[in-house]
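The values are calculated or read from the model by the stated rules, or taken from the named source; none is laboratory data. Since the structure is predicted, the reported quantities are computational estimates derived from the model, not experimental observations. Cβ placement follows ideal geometry from the backbone for every residue including glycine, while neighbour counts extend to all protein chains displayed.
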């Protein structure tokens, strides 16, 4: 199974929720990728694919799992994501850029560095702050508005698919790329039902509640209101769709680079 969502899901959630830089880039779309943490996540993708690939290679006896990942050059994925976003969203990014420079966004950035202590996270679940119904309702709204679960599921599924391809554990003839992709993604979805259920049943909600523990209820209300605006929702929808498209393109580049020789069996 896909290790990243098991061991680093808290960090992935933080990557989408929190801003990652202190200055705006000249290009608004590239700045948006940086502020949402997607740029950082993209730079981690080759290592994530290799980790997944190595695990599958061990299962099927392939020697390919630790080789370089063709098609997952971070700069290419950033370029594809920017292009895909710009083709989907033509509105102004001024409001979201102002948000990323606000005092509340800075406070969220500060909280990010403390969000990965699982010992503290476990202890936090027994506190009144964690169990406060009003705060949980606001967190639910924020997670839903930012489409965090869809982001995590998209990232996990595409990395898993790339890891399977890169491992050399499935046949890869060029004219079968699309069919194999559909079949492989369908198998990943079946394999991943239990984890998906956990995500939808509150796993991400719990982790996000922990990350926002230092925010007051008033600050959570302000943030929830910002994420609920029509423009924010449109931006985040276009952003995740664009990220998904860029990962699909990267997976296709990887698929066409693989040998057509069957290096081993893969049993889902």
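Worth a mention:
- Subset of segment 104-133 that is more than 25 Å from the chain's Cα centre (by Cα) and assigned to a helix (DSSP H, G or I) - its residue that is modelled with the highest pLDDT: 133
- Identification of helices (runs of 4 or more DSSP H) wholly contained in segment 1-74 with 1 or more residues that are under 29 Å from residue 208 (Cα atoms) and modelled with pLDDT of 80 or more yields 28-35, 38-60.
- Taking every residue in segment 77-103 that is touching a residue at least 24 places away in the same chain (Cβ under 8 Å) and pairing it with any residue that is surrounded by 15 or more Cβ atoms within 10 Å (Cβ to Cβ) and not in a helix (DSSP H, G or I), at least 6 positions away or on another chain, the pairs with Cβ-Cβ distances below 8 Å are 97/24; 100/19; 100/24; 101/24.
- Counting residues in segment 141-158 that are more than 22 Å from residue 40 (Cα to Cα), in contact with a helix residue (DSSP H, G or I) (Cβ under 7 Å, 6 or more places away or on another chain) and modelled with pLDDT of 85 or more gives one or more.
- In segment 76-91, of all residues being over 19 Å from residue 44 (Cβ atoms) and in contact with a helix residue (DSSP H, G or I) (Cβ under 7 Å, 6 or more places away or on another chain), the one that is surrounded by the most Cβ atoms within 10 Å (Cβ to Cβ) corresponds to 85.
- Hey, residue 84 part of a helix (DSSP H, G or I), modelled with pLDDT of 80 or more and closer than 20 Å to residue 234 by Cα or not: yes
- Any chance residue 136 is touching a helix residue (DSSP H, G or I) at 6+ places or on another chain (Cβ under 8 Å) and at pLDDT 85 or above: yes
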